[in-house]
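K.L.:
Sharing a structure here in structure tokens format.
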Amino acid sequence: MFLAAFSPKDDREASPDAALVRQLLQNDVGAFEKLYDKYCRIVYSLVLRIVQQSGPAEEVVQDVFLQLWRNSAQYDPARGPFVPWLLTLARNRALDTLRLKSERQRRLENQADELFSVVVAPQYEKELDEKRRAERVRSLVGELNPQQKRAIELAYFQGLSHSEIAAELKEPLGTVKSWIRNGLIRLKEGLHTAS
Amino acid sequence: MYEAYALGALDPPERAALEAHLATGCAECAKSVAEARWLVSQLAYLAPEASTSDMLKGRLMQTVRSETKSESSPVPTGATTTPAGISYWLSAGVAALLLLTLYFAWDAHRVKEELRASNEQNQRNEQMVASAQNESAVTQQKLAAMEEQMAKMHRETAILTDPASVKIMLAAQKIQAPQMVAMWHAKYGIVLTGQKVPMPSGNRVLQLWLIPKAPGGKAMPSMTVRPDANGNLVILVSNPPASGSDTKALAITEEPAGGSAAPTTTPKWVGAMS
């Protein structure tokens, strides 16, 4: 696949997370527990935000980590960093739960093909602990105007398309597209500047 | 556009156009999409921080450990693949099938009643879903909850009716109460049902445990429940260990609200795996 041409830097391939995931291939329960302890909070927070109920959220988190355990070979460190891969998996699973049998779910099922696609962190990205990363992203998104922030949240946490967001917010489609595009560009620039 | 694509926000025509272009092998756009996926993944940090229960980790680690043991277990010494062995097992299998057929004939009426009640409930839910679709974003949350409930009922029905499910009778221990019934399906999970179940005191709950075969193995915590006003209860465990072969028995204890990571009382119901 041509996408495989975008290999991350060698130091990322040798990251502690990638090493732990490799240990899963040898059924290393200790490595699995370390990954769970490290990322269960952010995964659960994301899933709970999407599905809104603690019981179903815990089921989704359990599914995500069991998939990691049973199919760890599907994560290829050479194709991108671990955490964005895990968060993408969790988000899609949570949206599947939220959108059972709807058109949106079918669209997301198509997106499932992308689960193991390439994710490339930009050159300026540095390894940050989860707390500092969360503070940085929240601060940058908090600077967007409320409508812009709302549009991005509807897309990310509810899986809505441009058209659906326009209908939800009762705003022109072009306006919604601009909000999302400009909002994400500002986030990208902010992350660049802050690094 | 790359960010909107990674976000899943593109409407179908735009999405199809971009994917068609990516399929041509445009390396520059592919790189932009890959970077956009990373940017979009950062939005996860907007979610308010929340913590999982200790029970979730307990369930997960027990499942992972049991699967590790299953994979490393040697083939039982009694197993054979010789022609004579096959003939013996074939005979045993036919006998088992006959017994199962008799059982299901006896059980058919009850299953029919459950299916009828389930279908009626599904129809009611579907009508509610249809009316809810016209409402606002708040209503969409309710819709998702109803759809989730329907999916749960479908799964419960599948577990209760699939011949591949294993039935486990849980007898009451030192209390006056009817036995409970669990059906364990390797793919769909476990459904536990009980009737005329005494209400736990205060806000305490009943908690299901999976007792491992391994000597000294710790009981695996599972779901908690309180019976309804009529003493009925149903528990669906969606993700039990893939195989029940490492589980010796199911047990139910009374625990504080929210459940416990390890049993704090003696079991009130116990059922051995057949």
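Yes/no per residue for (1) under 15 Å from the mean Cα position of the chain (by Cα); (2) assigned to a loop (DSSP other than H, G, I, E, B); (3) without any contact (Cβ under 8 Å) to a residue 60 or more places away in the chain:
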| position | (1), (2), (3) |
| --- | --- |
| B:Lys167 | no, no, no |
| B:Ile175 | no, yes, no |
| B:Pro178 | no, yes, yes |
| B:Val181 | no, no, yes |
| B:Thr193 | yes, no, yes |
| B:Lys196 | no, yes, yes |
| B:Leu206 | no, no, no |
| B:Leu210 | yes, no, no |
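K.L.:
If you don't mind, there's one more thing I want to ask. Can you pull out the residues in the stretch B:148-174 that are among the basic types (Lys, Arg) and touching a Gly at 6+ places or on another chain (Cβ under 9 Å)?
P.N.:
From the stretch B:148-174, those among the basic types (Lys, Arg) are B:152, B:155, B:167, B:174; that's our starting set.
If the condition is that a residue be among the basic types (Lys, Arg) and touching a Gly at 6+ places or on another chain (Cβ under 9 Å), then B:Arg155 is the only one that fits.
K.L.:
Now for a separate question. Report, by residue number, each residue of the stretch B:37-57 that is more than 19 Å from B:Ala261 (Cα to Cα) and assigned to a helix (DSSP H, G or I).
P.N.:
Answer for the stretch B:37-57, where residues must be more than 19 Å from B:Ala261 (Cα to Cα) and assigned to a helix (DSSP H, G or I): B:Arg37, B:Trp38, B:Leu39, B:Val40, B:Ser41, B:Gln42, B:Leu43, B:Ala44, B:Tyr45, B:Leu46.
K.L.:
Another question about this same structure. Being aromatic (Phe, Trp, Tyr) and without any contact (Cβ under 8 Å) to a residue 40 or more places away in the chain is the filter here, so list the residues in the stretch A:21-39 that pass it.
P.N.:
Our first condition is that a residue be aromatic (Phe, Trp, Tyr); within the stretch A:21-39, this holds for A:32, A:36, A:39.
Passing the criteria: A:Phe32, A:Tyr36.
K.L.:
Only one of B:Ala23, B:Ala27, B:Ala9 is more than 25 Å from A:Ala78 (Cα to Cα) and out of contact with any Lys or Arg (no Cβ under 8 Å at 6 or more places or on another chain). Can you tell me which?
P.N.:
Details: B:Ala23 fails: more than 25 Å from A:Ala78 (Cα to Cα); B:Ala27 fails: more than 25 Å from A:Ala78 (Cα to Cα).
From the options B:Ala23, B:Ala27, B:Ala9, the qualifying one is B:Ala9.
K.L.:
Taking the stated definitions as given, is A:Phe116 of a type in the set (A, V, I, L, M, F, W, C), modelled with pLDDT under 90, touching a helix residue (DSSP H, G or I) at 6+ places or on another chain (Cβ under 9 Å) and crowded, with 19+ Cβ neighbours inside 10 Å?
P.N.:
Working: of a type in the set (A, V, I, L, M, F, W, C): yes; modelled with pLDDT under 90: yes; touching a helix residue (DSSP H, G or I) at 6+ places or on another chain (Cβ under 9 Å): yes; crowded, with 19+ Cβ neighbours inside 10 Å: no.
It is false that A:Phe116 is of a type in the set (A, V, I, L, M, F, W, C), modelled with pLDDT under 90, touching a helix residue (DSSP H, G or I) at 6+ places or on another chain (Cβ under 9 Å) and crowded, with 19+ Cβ neighbours inside 10 Å.
Results for (1) of a type outside the set (Gly, Ala, Ser); (2) closer than 20 Å to B:Thr224 by Cα; (3) modelled with pLDDT of 80 or more, shown as yes or no for each residue.
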| residue | (1), (2), (3) |
| --- | --- |
| B:Gln141 | yes, no, no |
| B:Glu147 | yes, no, no |
| B:Thr161 | yes, no, no |
| B:Val197 | yes, yes, yes |
| B:Gly202 | no, yes, yes |
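K.L.:
Taking B:Lys112 and the conditions (1) modelled with pLDDT of 70 or more; (2) of a type in the set (Lys, Arg); (3) more than 19 Å from B:Leu233 (Cβ to Cβ), which numbered condition does it fall short on, given that it satisfies the others?
P.N.:
(1)
K.L.:
Give just the number: which of (1) in a strand (DSSP E or B); (2) surrounded by 15 or more Cβ atoms within 10 Å (Cβ to Cβ) does B:Pro200 not satisfy?
P.N.:
So B:Pro200 meets the others, but not (1).
K.L.:
Find the residue count for the stretch B:13-35, including only residues that are in a helix (DSSP H, G or I) and of a type in the set (Val, Ile, Thr).
P.N.:
Step one: of the stretch B:13-35, the residues in a helix (DSSP H, G or I) are B:13-22, B:27-35.
Filter once more, so that each one left must be of a type in the set (Val, Ile, Thr): B:33.
Matching residues across the stretch B:13-35 total 1.
K.L.:
Among residues belonging to the stretch A:58-67 that are more than 8 Å from chain B (Cβ to nearest Cβ) and hydrophobic (A, V, I, L, M, F, W, C), point out the one that is nearest to B:Ser238 (Cα to Cα). Don't jump to the end; show me each part of the working.
P.N.:
Restricting attention to the stretch A:58-67, the residues satisfying the condition of being more than 8 Å from chain B (Cβ to nearest Cβ) are A:60, A:64, A:67.
The next check asks that each one be hydrophobic (A, V, I, L, M, F, W, C); those that pass are A:60, A:64.
On the way: A:Val60: 10, A:Val64: 13 Å.
This residue is A:Val60.
K.L.:
Related question: Only residues that are buried (at least 21 other Cβ atoms within 10 Å of the Cβ) and in a helix (DSSP H, G or I): list them for the stretch A:93-103, please.
P.N.:
Of the residues in the stretch A:93-103, the ones buried (at least 21 other Cβ atoms within 10 Å of the Cβ) are A:93-95, A:97-99.
Matches in the stretch A:93-103: A:Arg93, A:Ala94, A:Leu95, A:Thr97, A:Leu98.
K.L.:
Any idea which residue in the stretch A:68-81 is nearest to B:Ala145 (Cα to Cα), counting only those that are in contact (Cβ under 8 Å) with a residue 24 or more places away in the chain and within 11 Å of chain B (Cβ to nearest Cβ)?
P.N.:
So the first thing to find is which residues in the stretch A:68-81 are in contact (Cβ under 8 Å) with a residue 24 or more places away in the chain, and the list is A:68-69, A:72-81.
From what is left, the residues that are within 11 Å of chain B (Cβ to nearest Cβ) are A:68-69, A:79-81.
Working: A:Leu68: 26, A:Trp69: 28, A:Arg79: 36, A:Gly80: 35, A:Pro81: 34 Å.
Residue satisfying both the conditions and the ranking: A:Leu68.
K.L.:
In addition: Scan the stretch A:30-89 for residues that are in a loop (DSSP other than H, G, I, E, B) and either at positive phi or surrounded by fewer than 19 Cβ atoms within 10 Å (Cβ to Cβ) (or both) and jot them down. Spell out how you get there, then give the answer.
P.N.:
Narrowing the stretch A:30-89 to residues in a loop (DSSP other than H, G, I, E, B): A:52-53, A:71, A:75-76, A:80-81.
The answer is A:Gln52, A:Gln53, A:Asn71, A:Asp76, A:Gly80.
K.L.:
So, one more: When you go through (1) surrounded by fewer than 17 Cβ atoms within 10 Å (Cβ to Cβ); (2) within 14 Å of another protein chain (Cβ to nearest Cβ); (3) not basic (Lys, Arg) one by one for B:Val237, which number turns out not to apply?
P.N.:
Only one criterion is unmet by B:Val237, namely (1).
K.L.:
Right, next: Within the stretch B:227-246, can one find any residue that is in contact with a Leu (Cβ under 6 Å, 6 or more places away or on another chain), closer than 22 Å to B:Met61 by Cα and not basic (Lys, Arg)?
P.N.:
Going through the stretch B:227-246, the residues in contact with a Leu (Cβ under 6 Å, 6 or more places away or on another chain) turn out to be B:227, B:235.
This time we only want the ones that are closer than 22 Å to B:Met61 by Cα, so: B:235.
Filter once more, so that each one left must be not basic (Lys, Arg): B:235.
Yes.
K.L.:
Right, next: Condition first: within 10 Å of chain A (Cβ to nearest Cβ) and farther than 19 Å from B:Leu39 by Cβ. Now tell me which residues in the stretch B:2-18 satisfy that. Spell out how you get there, then give the answer.
P.N.:
Step one: filter the stretch B:2-18 for residues within 10 Å of chain A (Cβ to nearest Cβ), giving B:2-12, B:14-15.
Answer for the stretch B:2-18, where residues must be within 10 Å of chain A (Cβ to nearest Cβ) and farther than 19 Å from B:Leu39 by Cβ: B:Asp11, B:Pro12.
K.L.:
For the list (1) part of a strand (DSSP E or B); (2) within 13 Å of B:Val270 (Cβ to Cβ), I need the number of the one condition that B:Leu236 fails.
P.N.:
(2)
K.L.:
While we're here: Tell me yes or no: at least one residue of the stretch B:68-75 is part of a helix (DSSP H, G or I) and at pLDDT 85 or above.
P.N.:
For the stretch B:68-75, residues part of a helix (DSSP H, G or I) and at pLDDT 85 or above: absent.
K.L.:
Taking A:Glu135 as the residue in question, decide whether it is buried (at least 16 other Cβ atoms within 10 Å of the Cβ), more than 7 Å from chain B (Cβ to nearest Cβ) and of a type in the set (Asp, Glu).
P.N.:
On the way: buried (at least 16 other Cβ atoms within 10 Å of the Cβ): no; more than 7 Å from chain B (Cβ to nearest Cβ): yes; of a type in the set (Asp, Glu): yes.
Judged against the criteria, A:Glu135 is not a match.
The values are calculated or read from the model by the stated rules, or taken from the named source; none is laboratory data. Please read all numbers here as calculations on a predicted model, not as lab measurements. Here the Cβ is made from the backbone with ideal geometry for all residues, glycine too, and neighbour counts use every protein chain on show.
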